[in-house]
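The values are calculated or read from the model by the stated rules, or taken from the named source; none is laboratory data. Everything numeric here is computed off the predicted structure, so don't read it as measured data. FYI the Cβ positions are ideal-geometry reconstructions off the backbone, even for glycines, and counts take in every protein chain you see.
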Amino acid sequence: MFDYLKIRRRFLLCTLLCCFVGSAQSSEMTVMVDVVGAPEGKAAVLQSGLSIFRLKDSERLTPRQLQLLHKKAKEELNGMLKVYGFYQAKITSKLNQQDKQWQANYQLDLGQQVHILNVDLVLQGDAKADDKFTALLLDFPLKKGAPFDHEAYEAAKKKLLRLGVERGYFDAELSRHTVEVDAITNMAVVSLHYNSGPRYTFAKVELPETVISRKVLKKLIPFKAGDPYLAGKVLVLKNNLRNAIYFSAVEVDVLTEQRQNGEVALVVSLGEEKQYKYNAGLGFGTDSGARLSLGWENRYLNKQGHRLSAASRLSQIGNSVSIDYQMPLLSGMVSDIGFNAEFKNEDTDSVQSRSFAFGSYYKAKRWGWSETGGLKVLSENFDVSDDANTSTLLIPNIAWTRTWADDSIYTQQGGKVSLSLSGASEALLSDTSFAQAVLRGKYIHSVSENGRLITRASVGATETTNFEKLPSSLRFFAGGDSSIRGFDYQSLGPLGDDGEVEGGRYLATGSVEYENMFMGKWGAAVFTDFGNAYNSLSEPIEYSVGVGVRWRSPIGLIRFDIAKALSDNDNGIGFHLVIGPDL
């Protein structure tokens, strides 16, 4: 019988040979080691498992010791080849010397690989009625007639044991786990007898006393006492507590050693966040100019976890002040409901507006998407082109967003997609009727070690009974840092009777950019932007090209772009500076 663990111990012990006692190796002595004829994909593994290879650069290595290691190499290779099912391998070895250069060559004749004659797989205990174990046995990694290797055998054992731990079979054991290899016939018999014992259930979870009532926190527990144990449910509980924003530290321990009466208990430890949170930020964008943001939040107004926050944003083109009262539901798909109000004014070359909005909303998770729905009242006084109006609208709205990224600050692979729907009706307290849909997306793909391909697109459509009464904040404009570079902010769109941009009913813009960080934190980009805001498809598409400099600064990625509008000869070169994360 082949003892895989014994062979592994031998490999580990071989590393101790690095402590030689002998004369120092000449600085000119070099040793090369080649292994030829290894199983597919295993040449590097076999080579690195040889003592002569690991110690070839040792300053304490002498020619005599090198010869001893060369003789030992055959035994080491035979042991490693048995791991992969080659019990009849023949090894031809040569050690040649020319001056102070040594060449060790090992030619492998693998012979026939051992195949599995039979798999004696026995399942006992409650796991016999478990669908997951049934599925595993139907597609077990070790199959009759397949080539055999001990790494696959060990992996199959671990897969069986791991599934048991994940599903609450804490008393499980492999009552038999053997491999019998007949080196003459090159056949192996694998025996795995798994006795799961009983499947444990969740005991009642005892939550600690915190600033949030236990009644509220219990809504975060994704299982009930008596439910069969699942490690995945424990992970969901941890994530629910971490995402609840009330706690700075979350620990959930499974007391498997203290299990009793068919139950396993969990111990939850929570460290509370500070009640008040303050934030401030400075930024600059070519569109907005210098900007300042200030925020304040009371994370828990009461034991029910209600939250209150206020924020203000100041910039050269507009200011806003908002307040938000949020109440957690923590049940079902809906996580929060809230009420908010916002005052906003905007003053650009195309639009002057003052608006006040208030309403309610909810937040939910649906099919992996973040969903936000709500109802708000918007009152906006606006002056755009030759339209100067005041409109009041009752707007139901819903939006879905999904973001994925390997790094949210500097993304090598990731993206963001959002879809929003909104509308209003003159029959329901609104000055005009409209329906609007906006789809936005951004995708970042790594194309080399330092290069990224960055694409983005925005598409929108609005139907309205009276466009003149549609507030400027609901119209579409194009141009600017995040739209079509080379054109000023909101400078593109249908023109009014006075020749000024009045905004459009439709929007279609896109961008393709290649970026390469060829000097560490510094890099460059080339790009083209295209699209427009429209009232009809017959209106022209605007487009531009440009180059940019990138710097991964301590405060985030800084982008400086120079763009030229190709579709408008009268438009000069545009300069754009943006600081912030990719998504």
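Taking Ala533 as the residue in question, decide whether it is touching a Leu at 6+ places or on another chain (Cβ under 7 Å), part of a strand (DSSP E or B) and under 23 Å from Val351 (Cα atoms). For Ala533, the condition - touching a Leu at 6+ places or on another chain (Cβ under 7 Å), part of a strand (DSSP E or B) and under 23 Å from Val351 (Cα atoms) - is met. Those strands (runs of 3 or more DSSP E) of segment 541-581 in which 1 or more residues are in contact with a Leu (Cβ under 6 Å, 6 or more places away or on another chain) and of a type in the set (Asp, Glu) occupy 542-553.
Of all residues in segment 153-179, those that are in contact with a Leu (Cβ under 9 Å, 6 or more places away or on another chain) and either closer than 15 Å to Val114 by Cα or part of a loop (DSSP other than H, G, I, E, B) (or both) total 5. Every condition in (1) outside any strand (DSSP E or B); (2) exposed (fewer than 14 other Cβ atoms within 10 Å of the Cβ); (3) touching a residue at least 24 places away in the same chain (Cβ under 8 Å) is met by Ser269 except one, and the failing one is (1).
A count restricted to segment 200-233 and to residues that are closer than 30 Å to Glu151 by Cβ and either more than 33 Å from the chain's Cα centre (by Cα) or assigned to a helix (DSSP H, G or I) (or both) stands at 2. Looking only at segment 503-522, residues that are of a type outside the set (Gly, Ala, Ser) and in contact with a Pro (Cβ under 6 Å, 6 or more places away or on another chain) come to 0 in all.
Only one of the numbered conditions (1) touching a residue at least 60 places away in the same chain (Cβ under 8 Å); (2) crowded, with 16+ Cβ neighbours inside 10 Å is not met by Ser322, and that is (1).
Just one of Glu426, Glu463 is surrounded by fewer than 19 Cβ atoms within 10 Å (Cβ to Cβ) and either outside any strand (DSSP E or B) or in contact with a Cys (Cβ under 9 Å, 6 or more places away or on another chain) (or both); which is it? Just a single option satisfies the conditions, and that option is Glu426. Scanning segment 381-432 for residues that are hydrophobic (A, V, I, L, M, F, W, C), over 24 Å from Lys363 (Cβ atoms) and touching a Ser or Thr at 6+ places or on another chain (Cβ under 6 Å) returns Phe382, Val384.
For segment 367-418, a residue qualifies if it is of a type in the set (Phe, Trp, Tyr), over 17 Å from Ser430 (Cβ atoms) and part of a strand (DSSP E or B), and the qualifying residues are Trp369, Trp400, Trp404. Within this structure, Pro222 passes the test of being surrounded by 14 or more Cβ atoms within 10 Å (Cβ to Cβ), at negative phi and at pLDDT below 95.
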